[in-house]
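J.: Please see the structure below; I have some questions.
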Amino acid sequence: MKGRLFTKKEWDKALRELSKSQKIFVPAKEKDFHNFTVLDNNMEPDFDFQNTRLSPKSIVFPQSERMFEYTLDETSPDAHILKEAPKDFPPQAVVGIRPCDAHAFQIVNVNFDNPEYKDPWWVRRYRATTFVGLGCNEPCSTCFCTSVGGGPFSEKGLDILLHDLGDRFLAKAITEKGIEFLDKIGSGKEASEQTLKKAALEAEAALGKISSSVPTDRLKEKTEIELFDAPFWEKIAFPCINCGTCTYLCPTCWCFDIQDEVFRKEGDRIRNWDSCMFPLFTLHGSGHNPREKKVQRVRQRFMHKLKYYVDKYGNGVACVGCGRCVQFCPVNIDIREVFELMNGY
Amino acid sequence: MENPYLPYPVRIEKIITETEDRNLKTFTFSFINPEHEKKFSYLPGQFAELSIAGKGEIPIGIASSPTEKGYLTFTVNKVGLVTSHLHNMKEGETMGIRGPLGNFYPWEQMQGKNIVIIGGGFAFTTLRSSIIYMLHPENRNKYEDITVVYGARTPGMLLYKQELEEWEKRDDINMHITVDATQDPTWKYNIGFVPTITEQKIKTADNAIAIVCGPPIMIKFTQPVLEKIGFPPERIILSLEMRMKCGIGLCGRCNIGDKYVCKDGPVFSLAQLRDMPPEY
Amino acid sequence: MLEYTPKIREIARGLLEKGTVDVFIGYRKGSVPMMNEPVLVTDPAQTDVLHWDSHCGLNLCNYLTKRTDRIGIVANGCNSRNIVTHIIENQVKREQLYIVGIPCTGMIDHRAVKRAVNGKEIKEVQENKDTFLVIGKDFEEKFAKKDFLQDNCSVCRHRNPVEYDEMVAEPVEEQEAEDVFADVKTIEKMSPSEKQDFFTQLISSCIRCYACRNVCPLCYCPTCFVDESQPQWVGKSIDPVDTMTFHLLRAFHCAGRCTDCGACERVCPVAIPVRQFTKKLNKDTLELFQWEAGLTLEQRPALDVYRVDDYNDFIL
């Protein structure tokens, strides 16, 4: 299939129809920014956005997830025994995801779905999700996807790629899942050669609008210890306040914590996003902390993304160039400069 | 889909207070479902997450040996939330165990070698597992000389005192028990720090492999002693501790460089560690 | 305020060259518009990175905690009051510091500027005294700074530093007209359940990143109450009760110490007006104890001394 055309009205109507039978996440404006929200009749999706403030990672990997439940009631034969929290994983779709964020899901997937261990919640939800991407006609000045294996119209990690043609969307199915989703949407018409050509030209033009770039070619040749001992970490780390903004906004940060919470006699084991920026992340019971200082924590974050991940998976860097951390780091630590320093060292 | 985070339910069968400060207790667990025991197939050096509903999990090295059937033992130091709660639990109570996790000592590489075991304080747990494992009649002839240097601050702080006495009496294992200091006139073993005793007692690194477990300060001073004796870094084996949550290499906190201590470790050779950032 | 920049560089260079200070803490121009980056300069030749404009809305006092060297630092009104508070709370010594005072005309609210251009991407913001020019891909708009001040700056009564060694310029006129606590008064008039709803709604988007806490110079506890595990005071999920507990307790820990510098609100990645919590306590300490934080080194803060005539109406 080359592409189907939908007027935006048709698209909206079809999505709303489909949202009656499955969960569909769409970008919507809240306060001053956009986030992915479940489509329902009380809200308006807004596809005229640059990117969502929070990455869509929570759609597959929620910030807090109940893993297990248990009772501490001694009269129960199952007291203290953990049971999987009942959940189902029906098909769902995220419509309007930017190509960088879809690429991020691929990057994270190698952690949660590996030959030895499968994270049951991630794997089931990831497989149940259809990723309907929206190409970027107007990338931001902080975007650098093209330097890190992506692009404004990259198909990585996507089941469908949408192209905004003004009053219409051109939809291209990339996977079987994508074909099925488009069949469910139902309407639309085959795009003409002329439309496809116009779209291709626009996608090409978008590529040229990416104004930021980062170097990555030499990250692999350095040893971990060389980069670890590099002299620039103190300087990078000085302004850092060790908050979780970068890690929580980042589409490729996956670290988590596991906590037990009890109310009266009923308890849950919950997993929550965690952040390598927090000292507690690595604090031993003995009081020893291998990453006690902020410079160690800042180094860990960048080394993980730009070196450890690179070495471990041979899959490129764990950064998709979405620019969220660049825009929203409270103290303006700019990962693009860190790329320069690490690659140039 | 198998859920790697789900602990097996176990019952506490026995609790022994090991040390005079009462901060170390050894717990013996049995699986409530016998199927789980079959699944829990491990080798010395591995660890497991002890799971207490309402409190959380804690990674602890397995102190029992796979040759000891029907139960698992763990010696637990009281330090944080979970271990403090565990220390207050009673025999017969139910909790959970998740594992086995991590890698084990290089048992293949160790075959046909002289084995030098060096332990300090309460880090002797997986070393106990290893000794029991090697002394088992089915395994003993796979290894040449077995030499153990084990130290604690005082006699009362040694773990597994009864077993230490029994091993002292055997002729297929050389024991060098030591304490930092003691006023006890009946103390019949060594007095001195582990690195010192190691230097006195271990004369050769020929065909030998050393396994070292202990507090960071002991490891720091034992390493140069072993190298002086002639152990190359490939034949010095260490087991690391790290804050862990998932235990299966997914949650991201226990990394040293691109290795996860929970999954790629906790056992590393000194040679491996030298290629990793010194962040542990 | 751009015109302060050369003077700041000159002072910093002098201090470092003479060895009056070991390090100089200021801002450098950020890599994205309306963002500047705190910077530590040790080499007199590097002082040209120093920069000041209407986007220096963090609180540099945050970087002084437990430092032992001699430090030059730029400080406007609120930052200088936090430095005073830091000195009183023994986080740094007055003798260590060379405070370069900034007469401040307020910081620009970056969110308001983005709203004003309908969320279009801003490539550059050029400042020119009382106005600033916002430049995007295919637009340019000029705005008056006074219409775009951060909320805390628009009600600020202490624009000039209270403690300094040298000023970069003559003091600016202090503002008088605004009712500092108008918003707090509106909330005070609500019923308890309305207040509950108001604050629940206010923090509904919180992601517990702790940027508000970490950017605040007052939050220097070695272990914050949210990180304690024995006992664990607050759950770590995004349960709304736990999130509310965090925000309320954080605010209470700032009572009588907060200078309303606005850094917490400025940095929130999900735009929560977190000052709604701290401002109520600022109002209370002012009304009950006639106390505003950080105005003097000579007096202990209201909440760490007992005075016989202290407010005690709550005692039956």
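The values are calculated or read from the model by the stated rules, or taken from the named source; none is laboratory data. Note that the structure is predicted; figures quoted are calculated from it, not measured. Neighbour counts run over all protein chains shown; Cβ positions are idealised from the backbone, glycine included.
J.: Within segment A:235-345, which helices (runs of 4 or more DSSP H) (wholly inside it) include 1 or more residues that are within 12 Å of chain C (Cβ to nearest Cβ)?
T.: A:245-249, A:294-303, A:324-328, A:335-344
J.: Here's a follow-up. State all residues of segment C:45-61 that are touching a helix residue (DSSP H, G or I) at 6+ places or on another chain (Cβ under 8 Å) and either under 18 Å from C:Gly30 (Cα atoms) or not assigned by TED's automatic domain parsing to the domain that holds C:Met34 (or both); if no residue qualifies, say none.
T.: C:Thr47, C:Asp48, C:Leu50, C:His51, C:Trp52, C:Asp53, C:Ser54, C:His55, C:Gly57, C:Leu58, C:Asn59, C:Leu60
J.: Go through the residues of segment C:221-242 one by one and say whether even a single one is in contact (Cβ under 8 Å) with a residue 60 or more places away in the chain, closer than 27 Å to C:Leu303 by Cα and either among the polar types (S, T, N, Q) or away from chain A (no Cβ under 14 Å) (or both).
T.: Filtering segment C:221-242 for residues in contact (Cβ under 8 Å) with a residue 60 or more places away in the chain gives none.
No, every residue in segment C:221-242 fails to be in contact (Cβ under 8 Å) with a residue 60 or more places away in the chain, closer than 27 Å to C:Leu303 by Cα and either among the polar types (S, T, N, Q) or away from chain A (no Cβ under 14 Å) (or both).
J.: A further question follows. Starting from residues that are more than 10 Å from chain A (Cβ to nearest Cβ) and hydroxyl-bearing (Ser, Thr, Tyr), keep the ones in segment B:2-20 and report whichever is nearest to A:Glu69 (Cα to Cα).
T.: So, considering only residues that are more than 10 Å from chain A (Cβ to nearest Cβ) and hydroxyl-bearing (Ser, Thr, Tyr), the one nearest to A:Glu69 (Cα to Cα) is B:Thr17.
J.: Give segment A:291-318 a look and list any residue that's of a type outside the set (D, E, K, R) and in contact with a Pro (Cβ under 9 Å, 6 or more places away or on another chain), or say none.
T.: A:Gln296, A:Met303
J.: If you scan segment B:132-146, which residues turn out to be out of contact with any helix residue (DSSP H, G or I) (no Cβ under 7 Å at 6 or more places or on another chain) and either surrounded by fewer than 18 Cβ atoms within 10 Å (Cβ to Cβ) or of a type in the set (Val, Ile, Thr) (or both)?
T.: B:Ile132, B:His136, B:Pro137, B:Glu138, B:Asn141, B:Lys142, B:Glu144, B:Asp145
J.: Just wondering, is there one or more residues in segment B:221-236 that are closer than 20 Å to B:Thr126 by Cβ, within 14 Å of another protein chain (Cβ to nearest Cβ) and not acidic (Asp, Glu)?
T.: No; the residues of segment B:221-236 include none that is closer than 20 Å to B:Thr126 by Cβ, within 14 Å of another protein chain (Cβ to nearest Cβ) and not acidic (Asp, Glu).
J.: Report, by residue number, each residue of segment C:165-204 that is β-branched (Val, Ile, Thr) and either at pLDDT 95 or above or under 30 Å from C:Thr20 (Cα atoms) (or both).
T.: Answer for segment C:165-204, where residues must be β-branched (Val, Ile, Thr) and either at pLDDT 95 or above or under 30 Å from C:Thr20 (Cα atoms) (or both): C:Val168, C:Val172, C:Val184, C:Thr186, C:Ile187, C:Thr200, C:Ile203.
J.: Exactly one condition in (1) among the basic types (Lys, Arg); (2) closer than 30 Å to A:Asp268 by Cα; (3) in contact (Cβ under 8 Å) with a residue 40 or more places away in the chain is not met by C:Lys283; state its number.
T.: So the condition that C:Lys283 fails would be (2).
J.: Exactly one of these conditions fails for A:Asn289: (1) in contact with a helix residue (DSSP H, G or I) (Cβ under 8 Å, 6 or more places away or on another chain); (2) surrounded by 21 or more Cβ atoms within 10 Å (Cβ to Cβ); (3) free of Cβ contacts under 8 Å to residues at least 24 places away in the same chain. Give me its number.
T.: Single failed check for A:Asn289: (2).
J.: Which is surrounded by fewer than 18 Cβ atoms within 10 Å (Cβ to Cβ), within 14 Å of another protein chain (Cβ to nearest Cβ) and in contact with a strand residue (DSSP E or B) (Cβ under 6 Å, 6 or more places away or on another chain), of C:Ile135, C:Ile122?
T.: Just a single option satisfies the conditions, and that option is C:Ile135.
J.: In segment B:24-38, which residue that is of a type in the set (D, E, K, R) and under 21 Å from the mean Cα position of the chain (by Cα) is nearest to B:Ile117 (Cα to Cα)?
T.: B:Lys25
J.: Provide a single number: the residues in segment A:196-218 that are outside any helix (DSSP H, G or I) and crowded, with 17+ Cβ neighbours inside 10 Å.
T.: 4
J.: Would you mind listing the helices (runs of 4 or more DSSP H) fully within segment B:155-230 where at least 3 residues are in contact (Cβ under 8 Å) with a residue 40 or more places away in the chain?
T.: The helices (runs of 4 or more DSSP H) meeting that bar are B:194-201, B:216-229.
J.: In segment B:164-175, is there at least one residue being at pLDDT 95 or above and closer than 18 Å to B:Ile219 by Cβ?
T.: no
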